[in-house]
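One structure is given below, encoded as structure tokens.
Every number in this text was worked out from the coordinates using simple rules, so none of it is lab data. Bear in mind the structure is a predicted one, so any value in this text is a computation, not a measurement. Note that each Cβ is placed from the backbone with ideal geometry, even for glycine, and that neighbours are counted across all protein chains shown.
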């Protein structure tokens, strides 16, 4: 027996799905969290019917007529797959909006059970709903549920009602008088019918038109004046906790354990092992992977903080704040949702762009989402912020907001290239503020940490082992002396590439090699640098300073200064993402021209930004321009020239349109 | 090459083989990037 969970966005479908199946699918306190269906089995503790029950969680929909791609998933599943029962999750705090969809579901001749969810919140708001009357009027069972609590939540009753109606199959849809109407007029009739029902079953003690404390808070938090400063402050605190206040302390402990493991393996092998074999295991595998894993506590803290912000309802306000600015560049607040998701991993972030109906906006969002610093890029930020900038929280914060600025700039350019002047409208249902669930945030962090560790133990490990081997041998397969790694295969491949990076301040083969391996997975940048510089622990900056000699200068170890380090950081953050994200971009963009344009745009953006950071930074700190200025300038002028030409051409397209119409 | 060298090489080969097996299994499940299930319907982080 298959049960389909349907309902409006943010009605609590995935929370209910998790509660019924015992799964830990991601939930979020805003609309549009689920974009594809998920399946699970009903927990035996809830299923007393003896029937085999599977549950399908569907993306939220306001109507059976799809407006967005993910709404089509719901419509297609219900109409084509025809589940045995539909459990319609109705947000009891917003009955009138939810029941519109319910009436459409009841007309499909599939048994429906209504889960009147969030009933604790409606009680708190002093809203009373007569469930028996509602059940009689809609001619289907109605069960009050609270899916966020583990007992007395109504879920057992809900499952047994679903089992019962699937056997009887005697439901009749409510009679709505559609005579002589179709299309929009029929919808108006349906709305009238829904409003009549709501008036009969719902009694509100608090007038919904009256301003609540939440509304007052939103007037400040989402205001045009205070919204952005508050957002900057919040993100600064998040990055400071992760990368300055608590993260480094925890990472120091983990780094100590990794060092101890390294020492233990070294001691176990003894001194009789072949140096190449020993280096492959110690520096390539343990050192390289350890350097990446060492940043795990920082990443966990950042994800934990972001999960709390999302759960309390703040991130939905961020979408509203950003909408004001994004609509001016041809995007909308809807684009900010994939970008917020992209701070975890660019892949689901890019995929979340499918919630955007407008094709140009959707493609632009998929193309620009990788500019947000994802989880894989965080070790790079933490590495350079820790080593060159004393672990200051503002580095991460500024990279986060630089990402947003670049997205805005990129959106504007793409809009001009397309000659599009259409205006976008964004409507989001703001969820209630609530105390964030530490349990949900911890589950989210555990999932992401698991993914990070698996990635470090698979693709990162293999890449680091390969880098170590390429660094150990020359083209004649002779072992390269430790003092002359520039004779290695790796150096000979990376050196020609490094020439391109001289105008950016990091024209060293080690940085070129790390940037290239970063396209496989961004964590590889840290792993490759660890292997190339034979450093296991990037967290212990004091140790690095000691390696830098009497001056205690880490730039001696790496061969670049703070300005070049910032340029390298910018280059890695704003050039194309890893291959997996590039693959996701390709499938979401769905156009070869747009896809290759996106890759070219990202490469050009990363190179130009890094050039500007290095040359302006060097000029400001030393009074002279950095090395390779002329060559870099020629490259940047070419990039800017191509973009300008495309923008002018796009502008002409817009002018040409009305002329055609007038003929 | 001493016997300890072969033991260490064996350990490295085993670790790399395990990593490759995991990646191949993930690939079969449609996962493009090891560790992250973001591109599949199994993703627990999918939004």
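Below 8 Å, C-alpha to C-alpha, sequence gap of six or more: please give me the relative contact order for the range A:453-583 in percent.
20 percent
Using only DSSP helix segments of four residues or longer, with each worth -39500 (n - 2.57), what per-residue ellipticity at 222 nm results for the protein assembly as shown after dividing by its residue count and rounding to 500?
About -18500 deg cm²/dmol.
Quick check: the distance between the Cα centres of the range A:484-533 and the range A:633-649, to the nearest angstrom?
28 Å
I need the calculated FRET efficiency for the pair residue A:76 and residue A:192, taking r as the beta carbon distance and R₀ as 22 Å, to the nearest 0.05.
Computed FRET efficiency for residue A:76 and residue A:192: 0.15.
Other chains near A:281-287: what is the mean number of their Cβ atoms within 10 Å of each residue's Cβ?
Counting other chains' Cβ atoms within 10 Å and averaging over A:281-287 gives 2.
Which FRET efficiency value, to the nearest 0.05, is calculated for residue A:45 and residue A:624 with the Förster distance at 60 angstrom and r the Cβ-Cβ distance?
Here the calculated transfer efficiency is 0.25.
Taking the Cα centre of each part, how many Å lie between the range A:590-629 and the range A:201-221?
48 Å
Using r as the Cβ-Cβ distance of residue B:1 and residue A:599, and R0 as 45 Å, what FRET efficiency do you calculate, to the nearest 0.05?
Using R0 = 45 Å, I get an efficiency of 0.50.
Which percent of Cα pairs goes in each bin when the distances of chain A are cut into 20 angstrom slices starting at zero?
17, 44, 29, 10, 0
Report, as a whole number in µm² per second, the diffusion coefficient that Stokes-Einstein gives for the range A:117-240 at 20 °C and 1.002 mPa s using the Kirkwood radius over alpha carbon pairs.
Here the translational diffusion coefficient equals 114 µm²/s.
Mind ranking A:340-352, A:495-507, A:309-321 by how tightly packed they are, going by the mean number of other C-beta atoms within 10 angstrom, highest first?
A:340-352, A:309-321, A:495-507
For the range A:261-319, how big is Rg over Rh, using alpha carbon atoms and the Kirkwood form of Rh?
The Rg/Rh ratio comes out at 1.39.
Can you say what percent of the DSSP beta bridges in the range A:2-204, counting only those with both residues inside, are antiparallel? Round to 5.
Of the beta bridges lying entirely in the range A:2-204, close to 30 percent run antiparallel.
Distances longer than 20 Å among the Cα atoms of the range A:311-427: what percent of all pairs is that?
42 percent
I want to check the label-to-label distance for residue A:126 and residue B:9. Put each point 7 Å from Cα in the C-beta direction and report it in nm to one decimal.
According to this spin-label approximation, the distance is 8.1 nm.
Using only alpha-carbon positions, what ratio does the radius of gyration of the range A:462-503 give when scaled by 2.2 N^0.38 Å?
Dividing the Cα Rg of the range A:462-503 by 2.2 N^0.38 Å gives 1.20.
Pairing the Cα long axis of helix A:155-168 with the longest principal axis of chain A, what angle in degrees results, from 0 to 90 and rounded to the nearest 10?
Between helix and principal axis, roughly 60 degrees.
Pulled fully out, how much extra length does the chain show between residue A:640 and residue A:261, if you take 0.36 nm times their separation in residues and subtract their Cα-Cα distance?
131.5 nm
Give the percent of DSSP beta bridges with both residues in the protein assembly as shown that are antiparallel, rounded to the nearest 5.
35 percent
What is the Å³ per residue value for the convex hull set by the Cα atoms of the range A:486-632?
That works out to 126 Å³ per residue.
Roughly what angle does helix A:314-326 make with the longest principal axis of chain A, taking Cα atoms, 0 to 90 degrees, to the nearest 10?
80 degrees
Evaluate the Kirkwood expression for the hydrodynamic radius of the range A:2-204, namely the inverse of the mean inverse distance over all pairs of different C-alpha atoms, and round to one decimal in Å.
16.9 Å
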